[in-house]
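The values are calculated or read from the model by the stated rules, or taken from the named source; none is laboratory data. In this text, all values refer to a predicted model and were calculated from it rather than measured experimentally. All Cβ positions, even for glycine, are placed from backbone atoms using ideal geometry, and neighbour counts span all protein chains on display.
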Amino acid sequence: MKWTTFLLFLLTGLFAKAQTFTIQISIKDSKTGDPIIGAITNLIQQQTGDASDANGNVKIVAHAGNDTLQVRYFGYKTYKKPIHIHKNTLLHITLEEDTTEMQEVVIQANPNSDVLNQTQMSKIELSSEEARLLPALGGETDMLKVLQLKPGVKNGGEGSSGLYVRGGGPDQNLFLMDGAQVYNPSHLFGFFSIFNSDAVKNIELYKGDFPSRFGGRLSSVVDVHMRTGDTSKIKVRGGLGLIASRLTVEGPIGKKKKGSFIISGRRTYVDIFTNAINKAEVNNTKFSPIPGYYFGDLNGTFEYRFNKNNSIRFTSYFGRDNFTYNDNPFQFKFIWGNFVNSFNWKHSYSSRLSSNVSLIYSSYQYALSDVSNGFSLTLESSVQDWTAKVDYTYKLNDKHLIEFGGSATSHNFLVSRLNAGSSDGKIKFGAGQRLYGQEYGVYVSDQYTISPRLKIQAGLRFSGFNNHKVYTGLEPRFAVRYKINERQSLKASYSRMYQYVQLASNSGATLPTDIWYPATNNVRPEISDQVALGHQIMLFGEKLFLTNEVYYKPMQHLIDYKDGAQLFVSNNLESQFVYGKGWSYGWEFYLEKKTGRTTGWIGYTLSWTWRKFDSINNGNLFPARYDRRNDISIVIMHKLSERLFISGTWVYGTGNAISLPVGRILVQGPIDSNPVVVPIYTERNAFRMPAYDRMDLGLIYKLRPKWGEADLTLSIYNVYNRKNPYFIYFQEVKNSAGIVTNYQAKLVSLFPIIPSITFNFKF
Amino acid sequence: MKQLIYLILVVCIVSCNRTRDINIPLPAFNSQPVVECYIEPGQPYRLALTESVSYFAEPTLPIIPHALVLITHRGVTDTLFYQAVPDSIDGKAYNYVGDTSNKVAVDYNSEFTLYIKDSLGRVLTATTTILPPVMMDTIRFQFNPAGRAITIIQFTDNLSTPNYYRYLVVVDPKSFLEKGDIVFSNEYFQTSEEEIASQVTVERGMIYVTLMHLTPEYYNYLTSINNAISANGNPFAQPASIQSNIHGGIGIFTGLSYDRRYVLVQ
């Protein structure tokens, strides 16, 4: 009998041990209800776990039995409770903020050990809290400019928020706002981004190793996650700055507080002063009116959780830039902006299977009008998208995490619609095109943990585009992580990307007048292939984290423009295009300190970016305009006391490639025309701008008002007032008699030292 | 319009007064002959032959002397002779001039051929035609409250073929003051009866109004030099190379066809 009992016990135990269950956990902030991304969740005895995803969810497959569930995230108190695993379980956990830990500065969600465990490489994460700690131009926190401080991400010039990622142009970045595509992420010709840091939770930037769910752009994915409103009570926060002011209101929805809302607005107000000056001087005939300019943003996010398996979310963004210039009889107006809406439904079928369904509308347009001397002109372009997509996540077992889904987008392009004529109607002419396209993609990927050391992520995306001609493409995605030991990992990845919509821009900078143009019978989709190798290591315990990556990215069917291309007004824009290839390759070094009173990073990039077009530069290889050999950035943040915080950034970059004339001719012209000196350009981008070097400093002083929280933020941009290069031109030098005596090269710089102060408040 | 936006941006940028001189070492420059020749009915052949120079060279105009310059039309070849003192007409200087008693005949759409060989053995060739002029049907003025007027012309265009024009409004042809100068094509015309307005205003008085009918080569040349000029000093522009119809050199050899009126602004 004893043997029988023993055998029965043994078999029961063995059977119990063999059984596995899925524990699905939703982790949120106890005050705001925001999902916490990257919280480390593990079962201590079984030594298994994972980090929470973008929705704050994590799944652990575990054996039956007793264990301790632990959830950790910097800045929050650790959750640690015993758990009895005997069935598939869904848990909702809220973490409380740990104010005693605020003596240390936390700058990144994912701890280093989690980054080592992932196959994902070439990814940057930035939270709005981190971005706010750094000095900013005009005191206006700009998350895209902070991303430019990371290796592999360059700007297009002084003050520009355009991103040039691993040799790709500004149109090769996919900007998503809660899943909805944004076509122009900039205000004021690229000097500021449209992302209000009060409305944004965090940004994930992929420079390579693109997850299969993303497609449509060659060089990067900028995935912006918007904040969720506070589910406990109504809160107000904002800021008064020299350039702009912000206001955010958030709070719960419904008596049971199952939902929340957050609405954020921002506006500049320089135009209020310039309009007042213009009005005061209206009778002064010698006064030249000052141009008026402002930009404004409005963000809104509404979320509602019906039950543990269903929630909906609606995100909307409206932004406008408005530039006017009135000097009788000349009246000029230029407006541009985005309107983006995303409706999302999350559903959990079981503890293993969940889905995310989205309906999205996105548009970008600009309109320009000019009236002078009885003659008027209007020019406009726009792009409108309707998108439906669905994404599934299926945890097959503790070794396989499968993702699959698809999307379909209907594009509508209005290209350079021009209407011009005289006010009496006798002169009239027009131009423009309307184009359509349907873009779609389906994908599947599997994250397979082969062993504790070896993990792979293999995926395939099939994409296509239809605009009277059908283009399709297979986009393999592969990544592997080999864990050398607990402190270091080797990683490798390969991604192929197709881009069916290109930006027609004849400029060296992103301008609001740049036009989005689809693939057509003649315009083929652009293709890139990127391979990357990386090594990551934790140093001095977990205090420092060092990442080295090398990459190589050839690109096909790139578009550029023939000499003298007419992009502004055209009935057949693609007749101005020429086609070629590109290559970019480089090494990125990134050393980061994430914890302690002093945090920050050092980033260095060594890179090359080449282009080759038969119709440009006599078919010879030439560097891209944003090819910059060396880029260094040093960022330091230090908490002096509970109330005082300082930060500094230093950036250095060798010069961009530029085209300068090497010769000149005099053209006198025929009868009635003036003579002109005409520059002769030979090789494309054969010269280099001088090096760029800038230091910024910031200081945050926390106030202690009775009604809430507040701080004064001081920023000093370009501390040593360096005249950094913006562009170069050649000028005639004349004597007092007006006779040309010489020619001189001139270097134009943009921003001097700019101090600014912002008052931020929260209650 | 593009120039307007760029101009506003550049003015805003430059007005911050953050400009300084900088030394740019240019590579060794290979000079090329530069030709400027307008074949005009009723005028003798005239041609300017100079050299291109490195951008920071002395601001003098290096001319090419003693070259062999020949223009052939309908089998008849005329020689243009070097003028040590350039022939100056209407403020323009030409250092090679044909027989002044031998004027260019009115002969539209037939070919003229240019041949040049200089003392260094460089050979340049080009061909062109003279297009028939397009006459201005009407000229009218529209005044603004300040008492200055834009000049509006109406003309008839042949929409069935691509046509290129240059519209000039000047007070004094020999001055270097701003002149109305628009280069355009009929690509965006919606009717054959078209009107064009000048971009400058003029006071009451006498002005010259000219409508030129351009050859495609001359139109491409003019737009390319305008683009090249715009690219210098514009941080948003790509450089443009000069589109020339001179083989072996740079410049333009074109027939000149225009309707020019001396009118009273009223």
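Before moving on, here are some points about what is shown:
So that you can scan it fast, the table gives a plain yes or no per residue for (1) under 26 Å from A:Thr595 (Cα atoms); (2) modelled with pLDDT under 85; (3) outside any helix (DSSP H, G or I); (4) acidic (Asp, Glu):
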{"residue": "A:Trp3", "(1), (2), (3), (4)": "no, yes, no, no"}
{"residue": "A:Asn55", "(1), (2), (3), (4)": "yes, yes, yes, no"}
{"residue": "A:Ala62", "(1), (2), (3), (4)": "no, yes, yes, no"}
{"residue": "A:His84", "(1), (2), (3), (4)": "no, no, yes, no"}
{"residue": "A:Leu90", "(1), (2), (3), (4)": "no, yes, yes, no"}
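- Residue list for the stretch A:301-338, restricted to those being outside any strand (DSSP E or B) and either modelled with pLDDT of 85 or more or of a type in the set (Lys, Arg) (or both): A:Lys308, A:Asn309
- Residue check: A:Arg684 meets all listed conditions (1) in contact with a Ser or Thr (Cβ under 7 Å, 6 or more places away or on another chain); (2) more than 9 Å from chain B (Cβ to nearest Cβ); (3) in a loop (DSSP other than H, G, I, E, B) but one, namely (2).
- For first residues located in the stretch B:84-106 and touching a residue at least 60 places away in the same chain (Cβ under 8 Å), partners that are basic (Lys, Arg) and lie 6+ apart or on another chain with Cβ distances below 9 Å form the pairs B:Asp90/B:Lys174; B:Gly91/B:Lys174; B:Ala105/B:Arg74.
- Pair list, Cβ under 9 Å, 6 or more apart: the stretch A:661-674 residue more than 7 Å from every other protein chain (Cβ to nearest Cβ), other residue crowded, with 23+ Cβ neighbours inside 10 Å and of a type outside the set (Phe, Trp, Tyr): A:Gly669/B:Glu36
- Per-region count, the stretch A:345-383, residues farther than 30 Å from A:Asn310 by Cβ and more than 14 Å from every other protein chain (Cβ to nearest Cβ): 4
- Filter pass, B:Thr50 being more than 14 Å from chain A (Cβ to nearest Cβ) and in contact with a Leu (Cβ under 6 Å, 6 or more places away or on another chain): no
- Some residue of the stretch A:291-306 being buried (at least 16 other Cβ atoms within 10 Å of the Cβ), out of contact with any Ser or Thr (no Cβ under 8 Å at 6 or more places or on another chain) and within 24 Å of A:Gly190 (Cβ to Cβ): no
- Taken over the stretch A:557-571, the criterion of being more than 8 Å from chain B (Cβ to nearest Cβ) and modelled with pLDDT of 75 or more is satisfied by A:His557, A:Leu558, A:Ile559, A:Asp560, A:Lys562.
- Test: A:Gly698 is in contact with a strand residue (DSSP E or B) (Cβ under 6 Å, 6 or more places away or on another chain), in contact (Cβ under 8 Å) with a residue 60 or more places away in the chain, more than 10 Å from every other protein chain (Cβ to nearest Cβ) and not in a strand (DSSP E or B): no
- Number of the exception - A:Tyr720 against (1) more than 7 Å from chain B (Cβ to nearest Cβ); (2) surrounded by fewer than 20 Cβ atoms within 10 Å (Cβ to Cβ); (3) in a strand (DSSP E or B): (3)
- Of the residues making up the stretch B:167-190, those that are in contact with an Asp or Glu (Cβ under 9 Å, 6 or more places away or on another chain), facing chain A (nearest Cβ under 8 Å) and not aliphatic (A, V, I, L, M) number 4.
- Filter result for the condition that a residue is crowded, with 19+ Cβ neighbours inside 10 Å and of a type in the set (Asp, Glu), over A:Glu486, A:Glu475: A:Glu475
- If the condition is being outside any strand (DSSP E or B), of a type outside the set (A, V, I, L, M, F, W, C) and surrounded by 13 or more Cβ atoms within 10 Å (Cβ to Cβ), then the stretch A:725-751 contributes A:Pro725, A:Tyr726, A:Ser749.
- The stretch B:204-231 - residue that is more than 7 Å from chain A (Cβ to nearest Cβ) and of a type in the set (Ser, Thr, Tyr) and, of those, nearest to B:Ile242 (Cα to Cα): B:Tyr221
- Selected residue [without any contact (Cβ under 8 Å) to a residue 60 or more places away in the chain, more than 22 Å from A:Phe577 (Cβ to Cβ), more than 23 Å from the chain's Cα centre (by Cα) and more than 14 Å from chain B (Cβ to nearest Cβ)] from A:Asn467, A:Asn485: A:Asn485
- Any hit, the stretch A:213-226, residues being farther than 30 Å from A:Ala519 by Cβ and at pLDDT below 95: no
- For the stretch B:107-173, the strands (runs of 3 or more DSSP E) that sit wholly inside it and include 2 or more residues that are without any contact (Cβ under 8 Å) to a residue 40 or more places away in the chain are B:136-143.
- Answer residue from the stretch B:26-47, given it is under 11 Å from A:Ile665 (Cβ atoms) and hydrophobic (A, V, I, L, M, F, W, C) and is nearest to the other protein chains (Cβ to nearest Cβ) among those: B:Val34
- Failed item in (1) of a type outside the set (Asp, Glu); (2) farther than 23 Å from A:Thr713 by Cβ; (3) out of contact with any helix residue (DSSP H, G or I) (no Cβ under 9 Å at 6 or more places or on another chain), with A:Ser219 passing the rest: (3)
- Scanning the stretch A:528-549 for residues that are out of contact with any Ser or Thr (no Cβ under 9 Å at 6 or more places or on another chain) and more than 20 Å from A:Leu163 (Cβ to Cβ) returns A:Leu539, A:Phe540, A:Gly541, A:Leu544, A:Phe545, A:Leu546, A:Asn548.
- Residue tally, condition loosely packed, with under 14 Cβ neighbours inside 10 Å and more than 13 Å from chain A (Cβ to nearest Cβ), over the stretch B:133-154: 1
- Options B:Ile242, B:Ile225; residue that is touching a helix residue (DSSP H, G or I) at 6+ places or on another chain (Cβ under 8 Å) and either buried (at least 21 other Cβ atoms within 10 Å of the Cβ) or within 22 Å of B:Tyr108 (Cα to Cα) (or both): B:Ile242
- Checking the stretch B:92-103 against the condition returns a match, with at least one residue being hydroxyl-bearing (Ser, Thr, Tyr) and either in a strand (DSSP E or B) or crowded, with 20+ Cβ neighbours inside 10 Å (or both).
- Flag for A:Tyr720 being modelled with pLDDT of 90 or more, of a type outside the set (Gly, Ala, Ser) and under 18 Å from A:Ile665 (Cα atoms): no
- Breaking point among (1) surrounded by fewer than 23 Cβ atoms within 10 Å (Cβ to Cβ); (2) within 14 Å of chain B (Cβ to nearest Cβ), for A:Arg132: (2)
- Between A:Phe214, A:Phe195, A:Phe210, the distinction of being part of a loop (DSSP other than H, G, I, E, B), surrounded by fewer than 23 Cβ atoms within 10 Å (Cβ to Cβ) and not β-branched (Val, Ile, Thr) belongs to A:Phe214 only.
- Apart from one condition, B:Thr201 fits all of (1) β-branched (Val, Ile, Thr); (2) surrounded by fewer than 18 Cβ atoms within 10 Å (Cβ to Cβ); (3) within 9 Å of chain A (Cβ to nearest Cβ); the exception is (2).
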